[in-house]
Amino acid sequence: MEGSRSPAATKIGTSVARGEFVSDAAASAAAASAPPPSAATPFTQAAWGGDIEYSREYFLMRAETILSRWRVPFAAEPARTDPLDALATFVEGRYKITPGLFAAARIDYLGFGSIASAFGTTPWDAPVTRVEAGGGYSIVRNLLLKVSYQHNSRDGGRLPAHENLVATQVVFWF
């Protein structure tokens, strides 16, 4: 029956934030032990986020991006004021196959800005990419079984470069 299907809909959102992320006591202690000009550099974070959602009938798709920038003093180089940047983004989708049964997929990326040093320019942390696919089935209205597979890739650091994970979940609510 055509009337039972939901119409197409799109939602778009954005947000911006800026503020200090270190307590006054910790900032005062850092300022007392650091030579100028880092003593005057506030510990701030600025972030911008954007998201979009599209749905039509049995299909739902979402995407979100967040760009974040931190200003922190560098212990070895107190005169530096360049920020640390990070970018996180994801795209996910879900399709209802039959009543109670769905399939879903998601891809995530977390990347980091670069820092220049005597050893060259390098990201301040290792970028991570994640791909996930899974499905679920509602046995009854408040009991959901889910299974998913996740592949993680990390370019550097102490963690393994690639990881494959399988998860199952039973969700019950009242």
Given the Cα atoms of the stretch 77-174, and with Rh set as the inverse mean 1/r over their pairs in the Kirkwood sense, what is Rg to Rh to two decimals? 1.18
Would you kindly derive the ³J(HN,Hα) couplings of the stretch 120-134 from the backbone phi angles with the Karplus curve 6.51 cos²θ - 1.76 cosθ + 1.60 (θ = phi - 60°), listing them in order in whole Hz, with x for Gly and Pro? x, 9, 8, x, 7, 7, 7, x, 10, 10, 10, 10, 9, 9, x
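Name the longest site-free stretch of the chain, where the excluded sites are trypsin sites (Lys or Arg not before Pro) in a DSSP loop with no more than 10 other beta-carbon atoms within 10 Å.
Details: sites that count: Arg5, Arg141, Arg158.
The reported range is 6-140.
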Quickly estimate the mean residue ellipticity at 222 nm for the chain, helices only: each DSSP H run with n ≥ 4 gives -39500 (n - 2.57), and the total goes over all residues, rounded to 500. -1500 deg cm²/dmol
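Return the tail of the calculated pair distribution for the chain, meaning the percent of Cα-Cα pairs more than 27 Å apart. Walk me through the intermediate numbers first.
On the way: 7536 of 15051 pairs.
Summing the P(r) tail past 27 Å for the chain gives 50 percent.
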Can you list residues from other chains, or at least 5 along the same chain, whose modelled amide H is less than 5 Å from the amide H of Ile115? Thr122, Trp124
How far is it, in nm, from the label point at Asp155 to the one at Val171 when both lie 7 Å from their Cα along the line to the Cβ? 3.3 nm
Report, in debye and to the nearest 20, how large the dipole of the stretch 2-172 comes out about its Cα centre when Lys and Arg carry +1 and Asp and Glu carry -1 on their Cβ. 500 debye
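Read-outs throughout are calculated quantities, based only on the coordinates presented, and are distinct from any laboratory measurement. All values reported here derive from a predicted model rather than from experimental measurement. Cβ atoms come from the backbone with ideal geometry, glycine included; neighbour counts cover every protein chain shown.
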